[in-house]
Amino acid sequence: MSIQNLRATFGPNCHWCGLPMDFAEPRDRPESATIEHLNDATLGSVRKQKHRRLAHAVCNHTRNALRLDAERRFQRWVEDRVAAARTGTGTGTGPAG
Ligand SMILES: [Zn+2]
């Protein structure tokens, strides 16, 4: 499904912020319309067309960056938790730091 098809189906506004998107070519600006995959491969699900929506490039990129950052922080927290359990220090509850 193309950007034009998605625009016809879901309208010209961003899925995340609801503000109008820029559909002019080339779509390389922060306000440009990009395809957002609501079901990511990181969630273990297959990408399906019905889960595609349009979002600003900046909204799409920011969401991905923050999700990646959150995942890294969570991974560090898990490592700290495991390390604390092995050494018998710490409570193992709550985010570190
Ligand atoms: Zn947006």
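The values are calculated or read from the model by the stated rules, or taken from the named source; none is laboratory data. These figures come from a predicted structure and were not determined experimentally. As a convention, Cβ positions derive from the backbone with ideal geometry for all residues, glycine included, and neighbour counts pool all protein chains shown.
Among residues of region 49-68 that are polar (S, T, N, Q), those with a beta-carbon under 6 Å from a residue that is at pLDDT 95 or above and more than 9 Å from the ligand (Cβ to nearest atom) at least six positions away or on a different chain give the pairs Asn60/Thr34. Counting the residues of region 1-22 that are in contact with a helix residue (DSSP H, G or I) (Cβ under 7 Å, 6 or more places away or on another chain) and at pLDDT 95 or above gives 3. In region 15-30, the residues that are over 14 Å from Gln4 (Cβ atoms) reach residues that are in a loop (DSSP other than H, G, I, E, B) and within 7 Å of the ligand (Cβ to nearest atom) with C-beta atoms within less than 9 angstrom, at least six apart or across chains, in these pairs: Pro20/Cys14. Against the numbered list (1) within 16 Å of the ligand (Cβ to nearest atom); (2) at pLDDT below 95; (3) in contact with a His (Cβ under 9 Å, 6 or more places away or on another chain), Thr34 comes up short only at (2). Can you give me the number of residues within region 38-59 that are surrounded by 14 or more Cβ atoms within 10 Å (Cβ to Cβ), at pLDDT below 95 and not in a loop (DSSP other than H, G, I, E, B)? Counting residues in region 38-59 that are surrounded by 14 or more Cβ atoms within 10 Å (Cβ to Cβ), at pLDDT below 95 and not in a loop (DSSP other than H, G, I, E, B) gives 2.
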